[in-house]
Amino acid sequence: MSRVYNFSAGPAVLPEEVLKQAAAEMLDFNGSGMSINEMSHRSKAFDNVIQTAEQDIRDLMNIPDNYKVLFLQGGASQQFAAVPMNLMQNKKAAYIVTGQWAKKALAEAKKYGDAIEVASSADKTFSYIPDCSDLAIPEDADYVYICENNTIYGTKFKKLPNTKGHILVSDVSSCFLSEPVNVNDYGVIYGGVQKNVGPAGLVISIIREDLIRDDVPDFVPTMLKWKTQADNGSLYNTPNCWAIYMCGLVFKWLKEQGGLTEMKRRNEEKAKILYDYLDSSKMFKGTVRKEDRSLMNVPFVTDSEELNAKFIAQATENGLVSLKGHRTVGGMRASIYNAMPKEGVQKLVDFMDKFEKENN
Ligand SMILES: Cc1ncc(COP(=O)(O)O)c(C=O)c1O
């Protein structure tokens, strides 16, 4: 078996221990004589899986009792619609646009109400986080929306916006469980799990209970009404059992590693190795304003398309894969999620250094 260092933005690297455990349990989950993929979502065994997963994420994130944890399908993109459908009482919302995902969420919200852009970093290709200390947020806005870590552009909100008392909704898809957060600062936190937490096809939404309402507009599909899912413990219909199981294993792994404080320490250490190199290199340059750099997604470029392509090809030959930047940005991007070991980042930097010396 030969495993590569996988820098994919998502679906992305998962902890090897977790993959091995899933493989070992594939034919016979917990003495049941069947795979987790073959059993009823209403079985006692699966009930234990989802309950344990919920408790573990509650422990990891220190989620207060007045927040529900929902395991939903449709990806983060479906929450772009679910958020306005469930929260737009006044039909007004304020969006901070820091990249493609926030832009898509805003476009979706506009279908349901008066969603306005109150800040943007589009003027500089989303390479920074705008000042959000004093935004013109309408008094009657139902919520303020951010994409907390911008997977494509590699920026991260280091400080949450001043919402002026409004509810904050945050898409944390690419920084989920990468560091401790104060859940009380948010009305809704949601993320597709396929970047930092598990396999694709599951989105976890953590929602303050009072925001889960029955009186949503009639047109809201039953499946997209958070109350439907909350009242049924995320089992209104058949959920993504496999992904919930896998996330549960990752939660246990995170606990064993020392939880989110330890993840933050490791993620800062790993990111520093890469950013320090980028800051010293004459060939490779980071594309993000320093104070806004993500710990998870690190885009970088050379000044030549040809060199970029050569670097990506040679890196791949050396077992450093999925380094091509997003199609809208070009260049390279290294996603260094929780499960990327420090050795992987060190290997990448060593290879970049070697490539730079050979090609200057
Ligand atoms: C920050 C962010 N939000 C939303 C999405 C969309 O997620 P999904 O594919 O689960 O809909 C992605 C990535 O794919 C993302 O990086």
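The values are calculated or read from the model by the stated rules, or taken from the named source; none is laboratory data. None of these values were measured; they are calculated from a predicted model. Using ideal geometry, Cβ is built from the backbone for each residue, glycine included, and neighbour counts are taken over all protein chains shown. Ligands, DNA and RNA are excluded from the accessible area calculation, which covers all protein heavy atoms including side chains. Shrake-Rupley method; radii C 1.70, N 1.55, O 1.52, S 1.80 Å.
Within region 309-322, can one find any residue that is within 30 Å of K159 (Cα to Cα), in contact with a Gly (Cβ under 9 Å, 6 or more places away or on another chain), touching a residue at least 60 places away in the same chain (Cβ under 8 Å) and open to solvent by less than 30 Å² (accessible area, probe 1.4 Å)? Looking for residues that are within 30 Å of K159 (Cα to Cα), in contact with a Gly (Cβ under 9 Å, 6 or more places away or on another chain), touching a residue at least 60 places away in the same chain (Cβ under 8 Å) and open to solvent by less than 30 Å² (accessible area, probe 1.4 Å), one finds none in region 309-322, hence no.
Restricting region 178-196 to residues that are more than 14 Å from the ligand (Cβ to nearest atom) and part of a loop (DSSP other than H, G, I, E, B), which is most open to solvent (accessible area, probe 1.4 Å)? So that I can check it myself, show each step before the final result.
Let us first name the residues in region 178-196 that are more than 14 Å from the ligand (Cβ to nearest atom), namely 179-187.
Applying the additional criterion that residues be part of a loop (DSSP other than H, G, I, E, B) yields 179-182, 186-187.
Details: E179: 37, P180: 63, V181: 51, N182: 80, Y186: 9, G187: 1 Å².
Per the criteria, the residue is N182.
Each residue in region 82-105 was checked for being open to solvent by less than 10 Å² (accessible area, probe 1.4 Å), within 16 Å of the ligand (Cβ to nearest atom) and closer than 20 Å to G187 by Cα, and 9 pass. For the residues I212, I206, the requirement of being in contact with a helix residue (DSSP H, G or I) (Cβ under 6 Å, 6 or more places away or on another chain) and touching a residue at least 60 places away in the same chain (Cβ under 8 Å) singles out I212. Scanning region 323-340 for residues that are open to solvent by 10 Å² or more (accessible area, probe 1.4 Å) and within 13 Å of L274 (Cα to Cα) turns up just one, R333. Check whether at least one residue in region 115-124 is more than 16 Å from the ligand (Cβ to nearest atom) and open to solvent by less than 10 Å² (accessible area, probe 1.4 Å), and report yes or no. The answer is yes; a qualifying residue exists. Considering every residue within region 227-245, establish whether at least one is more than 15 Å from L70 (Cα to Cα) and in contact (Cβ under 8 Å) with a residue 60 or more places away in the chain. Within region 227-245 (the criterion being more than 15 Å from L70 (Cα to Cα) and in contact (Cβ under 8 Å) with a residue 60 or more places away in the chain), the answer is yes, since at least one residue qualifies. The single condition among (1) open to solvent by 10 Å² or more (accessible area, probe 1.4 Å); (2) within 12 Å of the ligand (Cβ to nearest atom); (3) over 15 Å from K225 (Cβ atoms) that G74 does not meet is (3).
So which residues in region 197-216 are open to solvent by less than 10 Å² (accessible area, probe 1.4 Å) and either within 11 Å of the ligand (Cβ to nearest atom) or under 11 Å from the mean Cα position of the chain (by Cα) (or both), if there are any at all? Give the derivation first.
The initial filter retains those residues of region 197-216 that are open to solvent by less than 10 Å² (accessible area, probe 1.4 Å), namely 197-198, 202-207.
If the condition is that a residue be open to solvent by less than 10 Å² (accessible area, probe 1.4 Å) and either within 11 Å of the ligand (Cβ to nearest atom) or under 11 Å from the mean Cα position of the chain (by Cα) (or both), then V197, G198, L202, V203, I204 are the ones that fit.
Do we have D303 as open to solvent by 20 Å² or more (accessible area, probe 1.4 Å), closer than 30 Å to L87 by Cα, part of a loop (DSSP other than H, G, I, E, B) and not basic (K, R) here?
On the way: open to solvent by 20 Å² or more (accessible area, probe 1.4 Å): yes; closer than 30 Å to L87 by Cα: no; part of a loop (DSSP other than H, G, I, E, B): yes; not basic (K, R): yes.
Judged against the criteria, D303 is not a match.
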